[in-house]
1. Of the conditions (1) surrounded by fewer than 16 Cβ atoms within 10 Å (Cβ to Cβ); (2) at pLDDT 95 or above; (3) under 26 Å from residue 228 (Cβ atoms); (4) of a type in the set (Asp, Glu), residue 75 fails just one. Which one is it?
2. Among the numbered criteria (1) more than 29 Å from residue 236 (Cβ to Cβ); (2) in contact with a Gly (Cβ under 9 Å, 6 or more places away or on another chain); (3) outside any loop (DSSP other than H, G, I, E, B), which one does residue 137 miss?
3. Filter the range 174-205 for residues that are within 23 Å of the chain's Cα centre (by Cα) and among the small types (Gly, Ala, Ser) and give the result.
4. Any idea which residue in the range 42-81 is farthest from residue 238 (Cα to Cα), counting only those that are touching a residue at least 24 places away in the same chain (Cβ under 8 Å) and of a type in the set (Ser, Thr, Tyr)?
5. Name the residues in the range 157-201 that are surrounded by 18 or more Cβ atoms within 10 Å (Cβ to Cβ), aliphatic (A, V, I, L, M) and part of a helix (DSSP H, G or I), would you?
6. Inside the range 37-72, can you point out the residues that are in contact with a helix residue (DSSP H, G or I) (Cβ under 6 Å, 6 or more places away or on another chain), under 23 Å from residue 110 (Cβ atoms), open to solvent by 30 Å² or more (accessible area, probe 1.4 Å) and at pLDDT 95 or above?
7. I'd like the residue in the range 99-113 that is in contact (Cβ under 8 Å) with a residue 40 or more places away in the chain, farther than 22 Å from residue 197 by Cα and not in a strand (DSSP E or B) and, out of all such residues, is most open to solvent (accessible area, probe 1.4 Å).
8. Can you say whether residue 149 is part of a loop (DSSP other than H, G, I, E, B) and either within 21 Å of residue 188 (Cα to Cα) or among the hydroxyl-bearing types (Ser, Thr, Tyr) (or both), as far as the supplied structure shows?
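The values are calculated or read from the model by the stated rules, or taken from the named source; none is laboratory data. Computed from a prediction, not measured in an experiment: that's the story for all the values here. Reconstructed Cβ throughout: ideal geometry from the backbone, glycine too, with neighbour counts over all protein chains shown. All accessible areas refer to the heavy atoms of the entire protein, side chains included, with ligands and DNA or RNA removed. Shrake-Rupley method; radii C 1.70, N 1.55, O 1.52, S 1.80 Å.
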Amino acid sequence: MLSVTRLFFCTRLLLAGLALSCTAAYGADELAAVKAQLAPTGTLRAAINYGNAVLAVKDKDTGQLQGISVDLARELGKRLALPVQLVPYNAARKAVEGAQKKEWDVSFTGIDPQRAEDMIFTAPYLIIEGTYMVRQDSPIKTNAEVDRPGVRIAISNGSAYDLFLSRAIKQAQLVRAPDPTAVTDMMVAQSLDVVAGVKQRNQVDAERVKGMRLLDGNFMEIRQAVATIKGRDLAAAYLARFVEEMKASGFIRRSLDLHHVDGATVAPPALP
């Protein structure tokens, strides 16, 4: 029977093998082409949305970024032997706008057909729930009761759930805040009826702002993926393999546990 120390050592070797497999599948010329396309400046610029605490957080004192998207960016840079520059944004909308300006090379963002005009997405690596939150005394009890005349929904402008609800909501009104951290406060200040957001953010705000409750279930599943700039097909193919290995090796699960992230699950393997 293996000792704990030897088992740990063997596990590290196994994971190291997995870590090399994606890069090892490429010849030297192919890999050079991928690197040139993915990081044309010679540095891998990774967009980090710290407005979504499931993906990343920013330390108020040091400004340091940490979270699963940071871990993935650094692992990608390690595999490709590229220096990594973190490009911070406080809202997904701003990161999306950064794609149009080519401010970054790789991003960690929710899949949406509108965003696909400027980005190429991998299969999802993470599934995040989009949930509604209301006041304790609200007559709204279920998700189905939200889309009714006169109901006003506070939401983060340009978020994946904003894009989704802009298509799905037929009768209620969407009222947009500039970023996810401002949504609940806007709801209170303007006496709006509902907050729509990522489950973890709503849970945090429900503790911070008393008298709130989350509705059961979710109104959508946000499929979080890795993206690169449209037209970088070689880079996109490499990223697709990278994401599948990150899921299969347990890297994503370990990162979620390390950062104590609840309200998100590892996405299933992509279909062949």
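1. With (1) surrounded by fewer than 16 Cβ atoms within 10 Å (Cβ to Cβ); (2) at pLDDT 95 or above; (3) under 26 Å from residue 228 (Cβ atoms); (4) of a type in the set (Asp, Glu) applied to residue 75, the lone miss is (1).
2. (3)
3. 177, 182, 196, 197, listed by residue number.
4. Here the answer is 50.
5. 160, 163, 165, 182, 183, 187, listed by residue number.
6. Filtering the range 37-72 for residues in contact with a helix residue (DSSP H, G or I) (Cβ under 6 Å, 6 or more places away or on another chain) gives 37-38, 44, 46-49, 51, 53-56, 68, 71.
Next cut, under 23 Å from residue 110 (Cβ atoms) only: 38, 44, 46-49, 51, 53-56, 68, 71.
If we keep only those that are open to solvent by 30 Å² or more (accessible area, probe 1.4 Å) too, we end up with 53, 71.
The one that is in contact with a helix residue (DSSP H, G or I) (Cβ under 6 Å, 6 or more places away or on another chain), under 23 Å from residue 110 (Cβ atoms), open to solvent by 30 Å² or more (accessible area, probe 1.4 Å) and at pLDDT 95 or above: 71.
7. In the first step, residues of the range 99-113 are kept if they are in contact (Cβ under 8 Å) with a residue 40 or more places away in the chain; the result is 99, 102-112.
Subset that is farther than 22 Å from residue 197 by Cα: 99, 102-106.
Okay, now just the ones that are also not in a strand (DSSP E or B), so 99, 102-105.
Working: 99: 4, 102: 111, 103: 69, 104: 0, 105: 0 Å².
The qualifying residue most open to solvent (accessible area, probe 1.4 Å) is 102.
8. Details: part of a loop (DSSP other than H, G, I, E, B): yes; either within 21 Å of residue 188 (Cα to Cα) or among the hydroxyl-bearing types (Ser, Thr, Tyr) (or both): yes.
Judged against the criteria, residue 149 is a match.
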